[in-house]
Structure formats: structure tokens, C-alpha cells
1. Looking at the range A:38-97, which of its residues are in contact with a helix residue (DSSP H, G or I) (Cβ under 6 Å, 6 or more places away or on another chain) and among the small types (G, A, S)?
2. Filtering the range A:205-227 down to residues that are aliphatic (A, V, I, L, M) and at the interface with chain B (Cβ under 7 Å from one of its Cβ atoms), which residue is farthest from B:A55 (Cα to Cα)?
3. Identify all residues within the range A:49-72 that are modelled with pLDDT under 90, of a type in the set (D, E, K, R) and over 30 Å from A:A221 (Cα atoms); write none if there are none.
4. Keeping to the range A:177-223, report how many residues are modelled with pLDDT of 90 or more and not β-branched (V, I, T).
5. Anything in the range A:150-202 that is more than 30 Å from A:P81 (Cα to Cα) and among the hydroxyl-bearing types (S, T, Y)? List them, or say none.
6. Only one of A:P81, A:P92, A:P76 is at negative phi and surrounded by 16 or more Cβ atoms within 10 Å (Cβ to Cβ). Can you tell me which?
7. Right, B:G72: exposed (fewer than 13 other Cβ atoms within 10 Å of the Cβ) and at pLDDT below 80 or not?
8. Is the range A:117-136 home to any residue that is of a type in the set (S, T, N, Q), modelled with pLDDT of 90 or more and closer than 18 Å to A:A214 by Cβ?
Amino acid sequence: MNKSLLLLYPLLWAIICSHAVGRPITIPSAVTALLQRADPQANVEYCGSVSTNRVDYYLFLLTRKELIGVVLVQYPTGKAPRVADADTSLFPFSGFLQHSFAQPLQEGIEELLARRNLKKNRPARQGTSHQVPEISAVGRDIDHVIYPISGFRLGADSTREILRLLRTGPTLSVDPKSAPPGSIIVSPTQFYNDGPISLGHAGILGSDGSIYSADARYGGARTKNFTLSSWLRRFSGTNGTYAFVIRARFSGSARGQ
Amino acid sequence: MKPRGLRTFGALFLTTLIFLLGCDDEDTAESGTPSGSSQPSQSDLAQGMTIAGQAGTGVAIPESDANTPVSGYNDLSVLGGDANQNQQAFRQRYGLTDPTQEQLTQWQEYDARLTAYSNKDADWQYPTAASANWIETTWTNGDPLAVEGTTVAVDFNRIPRGSLIYIPALDMYAEANDTGATGMWAQSDARQSDYGATGAGRVDVYNLAGDRSSSQVEKNFQNRVGNDEYGQIYVVYRGPGWKKGCR
């Protein structure tokens, strides 16, 4: 009996969710107010909602100058809405989203983002394996430069995940203020459930003190858009800034795969 | 049967050899960074230089139309005309560089109302109301008009004439020499936060409109600094004293 319930539960939830994904729901004013409070200066794009019988989830894109990110707002029945997650990418899922019971919600988020990308003529990249529909190109743009040279790649567009990968990868942590050229600079997204949201970012330090990173104003193309000092001013107070030198590889084989 | 001392010596020798082999692998074979060091090795730095060089190639050069100057790092083209060149010349002449974090903490930071004014504004007058202020200022070419890329108009009651200011949103240094209508605006802005105790009031940044209308200039400027007028400025030096010895 218990086993059958365990099998039925995700299936039932999947059915409930799949019927509700993207359903044109009017955004509750409490959700709108939360987002406005969380980042008053950001442009907000509504991607859709995923509903269960007790909780509604609303997915938004936030754009603020060079930065773009995804925000998931959780609105349980009879309670106040709260920011459930926010970052330049929600993949790989973390927090409560990584649990198996949240599988239908994960699929709903992927579907909403894929629909949004399709609408913007940005189909997900084709590949042999399952590709998640990304919004930000913050990690991809770094990988495009560092992988052919160092053999190391991030493979993630989430600033929190990028920081984790750099901390555990073949790198050396250095002081951001005196980071040498070629260092990877990352400021992870920070948020509180009631706001504010401070979108993070990541880029590569050039040889003249400039920073190259994906720029949302130009469709995520790598752009010379910060100096080290302007980056520190922008992110150090709210997000924290970390810098890493990638260790030189000593053989021809690629690492970090 | 081997003597006991020889066996001990052998064990010690093997242990030392294993230890040395481990150290050798760590120090030389991988990257030249001593074990336990947090300093990048020469090969790490050399690879970094390659990465830095590669990062700058193939960088997107965004398209723009003539009426919508592209914004970006250290780019003041939104101000029109020769704003970039003027800012560069201004920096070179007075030895100004991108401020460090330490400098920023030493300078006085103020909330400010960042707005644009241009030669297409209806209330633009020639000569400007402040043209007299340009005598003996940074620009000695005899042109009494404002200069795009270095000129801001301020309320002299709040920021003394000739002060050196830095605007982080534009990464721009300017000399506070023009005033125009900032004094008039002070009354209507009196209740705004930028006119509080830590406020510098309205800081009008001069734009050379070119083919743009006055409203287009304002729109371009707002897009460059953000969607609202609120911002920060740093007063690097109050009054004209910072120029002593530079001319």
C-alpha cells in the first residue's frame, strides 16, 4: 500500500502540474509587489507559472543593464509569496528544487524557459544529451575562452555553481583587487526570501584591467563591459567578489570533464 | 639475517624517498607552484595572459544607430561629440586614473540627481549663464561653452565652483564649473533625498546633442546611467585647489 502510494504520488503531481504549466494566470499583486521590492531597478519579464493544489510558482526573468537572471517566486495558499530561488541560472537545481519530490516542478520550469527561448528565437542548443534551456550565457562565454587553453570548463551558467566549481576545481584563489590577467572573477547572486535580490555575474579579467563578460544588453555576447574597479564597486558590497587563477595544465589531456 | 640497524636505515631511506618523490611531482611536474603555496606560478600567469588575450578577441561590437550611442566600459559616446577624447585628455592632463577602492573610501560620497542637459535644450542660452565661470578653468581655448565629456553643472551652494568630482555611473571625472538651472531646480527638488544631508543635489551632465533632439539626449542618458535619476557622485576635491601645480 505504502509502496503504491509512493509511486502514485509523483505521478499525480506530474499530472496536476502538467495541466497547470504556463496557464495564463493573472499575476497576484502580492507577487508583483514582492518583485518590485526585491529589485526596483530591474526590468521584469513574466515567463509563466506552475501550479500545484496548494502552491503556485511564478517564474520571472530580471534584467538589469549587463545582468540577466531567473527568479522563482513561491506563493502558498493563504500565505505571503516568497522568493524561492534566484540566480543567473537555476540549473543545476539546488535547495528544495533538487529533491526528487520537486521533479514535476523542475520539468515545469524547464518547459517555461524553453517556451520563452523559443518565443525569442533562442532554441536550446542541440546535443546528444539533455540540454537545459539557459537564459544567461555567463558561464558559457567563459568556457568558450578558457577550455581550449586550459582544458578546464565550468559547464554551468549559475553564479553560485560557478563559484563552487572554481573553489573545487584546478584553480588558485587570489585577492580580487590584485588578481592577475586571465583570472576568473565571480560575484554570486544573493537574495533573501522577502528581497532584495542582487543578481550576480562572472567574467574574465583582461590584461588592461578590463573585464569581459556576457552582456544581457547584447543578447549575452561577450563584451568588454567592466573595469576591475567598477566591478568591485558594483558587486563587492552586495554580492561579494571572488577571483581565481586557473592552474596551468602540464599535459595535453583536458581536465575538468 | 640482517642487522636491526640496517633494517631501520632501509625503512627510513624508503620513507624519505617516497616523500621526496611526492614533493618533486608537486613542485615541478604540475605547475611549478610549491606545495601549499597560494601564489600562482609563472606558468599559471603565462596561461592567464593567454586567456586574457583570448578574452579580448572576438568580442561583440554591438551595432547601434546614430541616435543611440552604445554604452559600455568607459564609454562616454552617449554624451555626444568628442566626449571620449575629451575625458581622456582631461585625465591625461591631470593624471587622473580609474579610482581604487581605497580612494573611493577616502573621497566624499553624495547622493545626486544625475540629469542631462544639452545644446538643444529650450532653456539653453548662449553664452551660458555660467560662461563667466569658464575663465581660467581647465579649458583655456577661449570657448565659453560647456565641453562634452568633462562638464557638469552643479549648485554652487552645495559643491564649490572648480571642484573635481567623479561620477561612478559614467566612470567620468569632471570639473564642476557650470551651473545653469541647477539653482532653480533646488527649490522643486528640496524634498528629494538627494537634497538631504548627504545630498549633492542636481548634477547636470553636459551633452552635445548633434543630430539628436533634447528629449533623445535625455533618454539616451537615462539608459546609460539607469532608468531613474538617482545616483552617486564623489567629490574628489572641493574647490579649484586640486589644479595647483598641474598647469
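1. A:G48, A:S51, listed by residue number.
2. At the first step, the residues of the range A:205-227 found to be aliphatic (A, V, I, L, M) are A:205, A:211, A:214, A:216, A:221.
Checking which are at the interface with chain B (Cβ under 7 Å from one of its Cβ atoms) leaves us with A:205, A:221.
Numbers: A:L205: 8, A:A221: 12 Å.
Among them, the one singled out is A:A221.
3. The one that is modelled with pLDDT under 90, of a type in the set (D, E, K, R) and over 30 Å from A:A221 (Cα atoms): A:R54.
4. To start, the set of residues in the range A:177-223 that are modelled with pLDDT of 90 or more comprises A:177-206, A:211-214.
Remaining after also requiring not β-branched (V, I, T): A:177-183, A:187-188, A:190-196, A:198-203, A:205-206, A:212-214.
Residues that pass the stated criteria total 27.
5. Filtering the range A:150-202 for residues more than 30 Å from A:P81 (Cα to Cα) gives A:150-155, A:165-185.
Across the range A:150-202, the qualifying residues are A:S150, A:T168, A:T171, A:S173, A:S178, A:S183.
6. Values: A:P92 fails: surrounded by 16 or more Cβ atoms within 10 Å (Cβ to Cβ); A:P76 fails: surrounded by 16 or more Cβ atoms within 10 Å (Cβ to Cβ).
Result: A:P81 is the single residue among A:P81, A:P92, A:P76 that is at negative phi and surrounded by 16 or more Cβ atoms within 10 Å (Cβ to Cβ).
7. Details: exposed (fewer than 13 other Cβ atoms within 10 Å of the Cβ): no; at pLDDT below 80: yes.
In short, no.
8. Just the residues of the range A:117-136 that are of a type in the set (S, T, N, Q), to begin with: A:117, A:121, A:126, A:128-129, A:131, A:136.
Keeping just the survivors that are modelled with pLDDT of 90 or more gives A:136.
Going one step further and asking which of them are closer than 18 Å to A:A214 by Cβ, we end up with A:136.
Yes, the range A:117-136 contains at least one residue that is of a type in the set (S, T, N, Q), modelled with pLDDT of 90 or more and closer than 18 Å to A:A214 by Cβ.
The values are calculated or read from the model by the stated rules, or taken from the named source; none is laboratory data. All of these numbers come straight from a predicted model, not from anything done at the bench. All Cβ positions, glycine included, derive from the backbone under ideal geometry; neighbour counts span all protein chains shown.
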